[in-house]
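*Asks:* I'd like to ask some things about the structure below.
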Amino acid sequence: MKTSWYREPWAWLVFFLPFSAVVAGTITYVIANTDPDTLVVGDYYKTGKAINLQVAKVKRAQKLGIRFTLQLTNNELIIEPTGIEKTFSLLNVSFFHPTQESKDFSLALTPDGNGYFRHSFDHDISGKWKITMSPFDNDWKIQETIVLPQSTVIDIIPDPTKAQ
């Protein structure tokens, strides 16, 4: 006596394997196209040249002896110039989140009466950040990777190996 094909377990196994490969391929395609990687650069040569310019800016900051200390207490950011050159009319500070581009933000800070740069946040900015500091004329640049909050003061020192 012959049985129907749908009552045979081997028939279901033969159909299940290709069907699961099609489902997995479709899911992979959807994931790849809905969350594109924003770090991929089309023109690598131009990007490499731009990185060399950034390294030159960090070396310039190192040569000028520019240094800062950074402290975040009660959602108030305090940046103090501690290097040789201590007077700046405007300081551009950019925070870049390593995995979520939507959390990136920039600040344009002016010094207070003591020469400190201050900013109060209305939200928590804890986590790992890549911070970039540069003056108004973009003559030099300092980059550092920090983890916030910290109970100690963070020294920001120009290091050409961290330039990007």
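The values are calculated or read from the model by the stated rules, or taken from the named source; none is laboratory data. Predicted, not measured: the structure shown is a model, and the values here were computed from it. Don't worry about glycine lacking a Cβ; one is built from the backbone with ideal geometry, like all the others, and counts go over all protein chains shown.
*Asks:* Could you list, ordered by first residue, the pairs with Cβ atoms under 7 Å in which the first is in the stretch 26-45 and outside any helix (DSSP H, G or I) and the second is surrounded by 10 or more Cβ atoms within 10 Å (Cβ to Cβ) and modelled with pLDDT under 85, at least 6 apart or interchain?
*Replies:* As it stands, the answer is 38/101; 41/47, since those pairs meet every condition given.
*Asks:* Scan the stretch 1-16 for residues that are in a helix (DSSP H, G or I) and surrounded by 10 or more Cβ atoms within 10 Å (Cβ to Cβ) and jot them down.
*Replies:* 5, 11, 12, 14, 15, 16
*Asks:* Here's a check for you: in the stretch 99-150, which residue that is of a type in the set (D, E, K, R) and touching a Ser or Thr at 6+ places or on another chain (Cβ under 9 Å) is nearest to residue 65 (Cα to Cα)?
*Replies:* Step by step, filter the stretch 99-150, then rank; the result is 141.
*Asks:* Name, by its number, the condition in (1) hydrophobic (A, V, I, L, M, F, W, C); (2) touching a helix residue (DSSP H, G or I) at 6+ places or on another chain (Cβ under 6 Å); (3) modelled with pLDDT of 85 or more that does not hold for residue 70.
*Replies:* Residue 70 satisfies all of (1) hydrophobic (A, V, I, L, M, F, W, C); (2) touching a helix residue (DSSP H, G or I) at 6+ places or on another chain (Cβ under 6 Å); (3) modelled with pLDDT of 85 or more except (2).
*Asks:* Where in the stretch 86-164 are the strands (runs of 3 or more DSSP E), entirely inside, with at least 3 residues that are among the β-branched types (Val, Ile, Thr)?
*Replies:* Correct list: 142-148.
*Asks:* Among the candidates 129, 140, which residue alone is surrounded by 12 or more Cβ atoms within 10 Å (Cβ to Cβ) and touching a residue at least 60 places away in the same chain (Cβ under 8 Å)?
*Replies:* One residue alone meets the criteria, 140.
*Asks:* Given the options 138, 74, name the one that is farther than 23 Å from residue 59 by Cα and out of contact with any Phe, Trp or Tyr (no Cβ under 9 Å at 6 or more places or on another chain).
*Replies:* 74 is the lone residue from the list that is farther than 23 Å from residue 59 by Cα and out of contact with any Phe, Trp or Tyr (no Cβ under 9 Å at 6 or more places or on another chain).
*Asks:* Then there is this: Pairs please, first residue from the stretch 57-68 and in contact (Cβ under 8 Å) with a residue 12 or more places away in the chain, second anywhere and assigned to a helix (DSSP H, G or I), Cβ atoms under 6 Å, 6+ apart in sequence or on different chains.
*Replies:* These pairs meet every condition: 58/160; 59/160.
*Asks:* Shifting gears a bit: Inside the stretch 101-143, can you point out the residues that are among the hydroxyl-bearing types (Ser, Thr, Tyr), under 18 Å from residue 85 (Cβ atoms) and in contact with a Pro (Cβ under 6 Å, 6 or more places away or on another chain)?
*Replies:* Across the stretch 101-143, there are no qualifying residues.
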